[in-house]
Each structure stands twice: as C-alpha cells, then as structure tokens.
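The values are calculated or read from the model by the stated rules, or taken from the named source; none is laboratory data. Everything quoted here is computed from the prediction, not taken from an experiment. Glycine gets a Cβ as well: all are built from the backbone with ideal geometry, and neighbour counts include every protein chain shown.
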Amino acid sequence: MLQIGQFFKAYLKGSVIPFITINDCAMVIKKAYCEDAQLLNKSAKMIENLTKKEEEYQFLLHKLAQLKRAYIQSIFKNLELM
C-alpha cells in the first residue's frame with residue numbers, strides 16, 4: 001500500500017536499479033503506523049478490496065478480447081465459405 005502511494009519514492013537510492021534500505025523502509029512503516037493505526041488498517045483493507053475488483057475487471061477484459069477475436073474470426077470464416 002505504501003509503495004502504491006509512492007511513499008517510498010523519496011527514500012529510493014541507486015541510479016540504475018532503485019532500492020530502499022531496510023532502515024528507511026522500517027522508518028516509513030513505523031511513521032505511517034504511529035500516525036493512525038486504525039486508519040492504516042482500514043485503508044489496507046480497502047486497497048485489498050480494490051485489488052480484487054481490479055483482478056475481476058482484468059479477467060473480464062481478457063474474456064471480452066477473446067470474444068471479440070472469436071467473433072471477427074467467425075465473420076472472416078463465413079466470408080471464405082461464400
């Protein structure tokens with residue numbers, strides 16, 4: 001959740017492969033948790049629910065793309081038979 005919100009961006013080091021040190025990571029997590037633990041837990045649950053919905057929509061998009069492809073193929077197959 002903190003990475004999605006780009007809270008670690010200020011702590012990234014390295015020009016080729018960005019990374020964050022364990023101490024910086026722990027500091028950001030402690031700071032976020034100390035400010036409002038209940039809000040952090042509620043937000044984490046909301047992000048989890050949104051991620052599940054996103055996966056469902058990605059699945060639906062994939063199925064729609066398959067359906068579209070099958071429909072186009074059937075049209076051209078019918079044209080070849082004529």
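Testing residue 47 on (1) surrounded by 10 or more Cβ atoms within 10 Å (Cβ to Cβ); (2) at pLDDT below 80; (3) of a type in the set (Val, Ile, Thr), one condition comes back false. Which one is that?
Among (1) surrounded by 10 or more Cβ atoms within 10 Å (Cβ to Cβ); (2) at pLDDT below 80; (3) of a type in the set (Val, Ile, Thr), residue 47 violates only (2).
Go through the stretch 24-82 and give me each residue that's in contact (Cβ under 8 Å) with a residue 40 or more places away in the chain and of a type in the set (A, V, I, L, M).
44, 47
Kindly indicate whether any position in the stretch 3-23 is over 19 Å from the mean Cα position of the chain (by Cα), of a type in the set (Ser, Thr, Tyr) and either loosely packed, with under 10 Cβ neighbours inside 10 Å or at pLDDT 80 or above (or both).
Yes, the stretch 3-23 contains at least one residue that is over 19 Å from the mean Cα position of the chain (by Cα), of a type in the set (Ser, Thr, Tyr) and either loosely packed, with under 10 Cβ neighbours inside 10 Å or at pLDDT 80 or above (or both).
Does residue 72 satisfy the criteria of being part of a helix (DSSP H, G or I), surrounded by 10 or more Cβ atoms within 10 Å (Cβ to Cβ), outside the structural domain of residue 9 (by TED's automatic domain parsing) and at pLDDT below 95?
Yes, satisfied.
Among the residues of the stretch 24-39, write down those that are more than 22 Å from the chain's Cα centre (by Cα) and surrounded by 14 or more Cβ atoms within 10 Å (Cβ to Cβ).
Matches in the stretch 24-39: 24 only.
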